[in-house]
1. Within the stretch 230-278, can you find the residues that are more than 27 Å from Gln151 (Cα to Cα), small (Gly, Ala, Ser) and surrounded by 20 or more Cβ atoms within 10 Å (Cβ to Cβ)?
2. If we keep just the residues of the stretch 197-224 that are among the hydrophobic types (A, V, I, L, M, F, W, C) and within 15 Å of the ligand (Cβ to nearest atom), which is surrounded by the fewest Cβ atoms within 10 Å (Cβ to Cβ)?
3. Does His193 count as within 16 Å of the ligand (Cβ to nearest atom), surrounded by 15 or more Cβ atoms within 10 Å (Cβ to Cβ) and more than 23 Å from Ile58 (Cβ to Cβ)?
4. Looking at Val171, is it of a type in the set (A, V, I, L, M) and either touching a Phe, Trp or Tyr at 6+ places or on another chain (Cβ under 7 Å) or over 19 Å from Val294 (Cβ atoms) (or both)?
5. Which one of these does Ile130 not meet: (1) more than 16 Å from the ligand (Cβ to nearest atom); (2) in contact (Cβ under 8 Å) with a residue 40 or more places away in the chain; (3) under 30 Å from Gly233 (Cα atoms)?
6. Need at least 3 residues that are within 13 Å of Trp152 (Cβ to Cβ) per element, so show me which helices (runs of 4 or more DSSP H) inside the stretch 291-357 make the cut, counting only ones lying wholly within it.
Amino acid sequence: MDQDAVKRTLGEPRSAYRRALSAATLAGFVIATAAAGADRTVQTPSIFGPASTPAYAIRELALIVFGITGVIFLVVAGLTVYALMRFRRRRGDDGREPPQVYGSLQIELAWTVVPILIVVVLFLVTARYIFAIEWRPQSPQALEVTIVGHQWWWEIRYPKLGIVTANELHVPMSDPAHPTPTFLTLQSADVIHSFWVPQLAGKMDVIPNKTNRIWIDPQKPGGYVGQCAEYCGLQHAGMLLIVTVHSKEDFAKWAAEQQAPARADAEVRAGRELFSSLSCINCHAIRGTTANGVFGPDLTHLMSRWTIGAGVIQNTPENIRAWIDDPASLKPGALMPAMKLSPGDLDKVTAYLVSLR
Ligand code: CUA
């Protein structure tokens, strides 16, 4: 799928993405889902719009649980309303307390045993779905991706393809007839995060010193938004991610572009030399240069990404310049320090970074 198709699916990606995410972050997923009814161009992060097998299973389970709890609600609320109407105070009441019933073995057994059975059924059904999702063996056709949670961004590595990127996961579509799922290995560099793309799979915690796994097999090309789902510090809400699902050919094209070495355009040489002389290279990597830091996002193909700061602002030259000048002005608490460059140097480094397509 070409970039235009992604844009069509997502609407105008940056604004639509931010609109959906800020709505989701501020008002909760329910309201974002309601808003989507009016504007179908945005795929809001709703568990009721699944696009991948684990998400379909979770919706199925949610509907079963809603069904059972809905019946309980109707019975309890119905009996309550009936009692309120039927036994309400009437003119001519003698004011005495009605007869009280204590110690009825049948009633007490009923309201103990029936709820226990309901809980057991809910437990067994849930366990069945969890194991069906978790025990799926990794097929040889599966794409392997390692995702590392950082305060506050996602590092995304394709070990077999030699690709490293950030905050924007690209995967091939999985045709149910010839599944090509993506198996994600989740690790954390610092604190506990949680990886959650509601339309593709359930939540999975991302825990330091522990490796968790999750898989997705999106069946429709398009963009799917996600969010860190475990409070991880000041910018927990600024830890967004977007999954772009490509057709097989388009994924191969994307991968080839990402595998290409970083551009070394002659006209931005001054910026490139300045960049390598600054402390930028201690935290950021640009493949094929002396920059090989691992604390911050890999910048080899920086301009192929839609946002900077893990979804907090659009990836534009102006925003990159403002970010280098003072990241905290755009993302308070961001761990990258203000670089304190002169305006001229800022322009040079920006021109270099913007050339990294
Ligand atoms: Cu990472 Cu919340």
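1. Hit for the stretch 230-278 is Gly271, nothing else.
2. Our first condition is that a residue be among the hydrophobic types (A, V, I, L, M, F, W, C); within the stretch 197-224, this holds for 197, 200-201, 204, 206-207, 214-216.
Next, only the ones that are within 15 Å of the ligand (Cβ to nearest atom) stay: 197, 204, 206-207.
Details: Val197: 25, Met204: 21, Val206: 30, Ile207: 17.
Result: Ile207.
3. Working: within 16 Å of the ligand (Cβ to nearest atom): yes; surrounded by 15 or more Cβ atoms within 10 Å (Cβ to Cβ): yes; more than 23 Å from Ile58 (Cβ to Cβ): no.
Answer is no for this residue.
4. Details: of a type in the set (A, V, I, L, M): yes; either touching a Phe, Trp or Tyr at 6+ places or on another chain (Cβ under 7 Å) or over 19 Å from Val294 (Cβ atoms) (or both): yes.
In short, yes.
5. Only one criterion in (1) more than 16 Å from the ligand (Cβ to nearest atom); (2) in contact (Cβ under 8 Å) with a residue 40 or more places away in the chain; (3) under 30 Å from Gly233 (Cα atoms) is unmet by Ile130, namely (2).
6. Details: elements: 317-325, 327-330, 343-354.
Qualifying helices (runs of 4 or more DSSP H): 327-330.
Yes or no, residue by residue, for (1) modelled with pLDDT under 95; (2) surrounded by 10 or more Cβ atoms within 10 Å (Cβ to Cβ); (3) of a type in the set (A, V, I, L, M, F, W, C):
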{"residue": "Gln106", "(1), (2), (3)": "yes, no, no"}
{"residue": "Val114", "(1), (2), (3)": "yes, yes, yes"}
{"residue": "Ile130", "(1), (2), (3)": "yes, yes, yes"}
{"residue": "Val145", "(1), (2), (3)": "no, yes, yes"}
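The values are calculated or read from the model by the stated rules, or taken from the named source; none is laboratory data. Keep in mind the model is a prediction, meaning the values are calculated, not measured. Cβ coordinates were reconstructed from backbone atoms using ideal geometry, including for glycine residues, and neighbour counts include every protein chain displayed.
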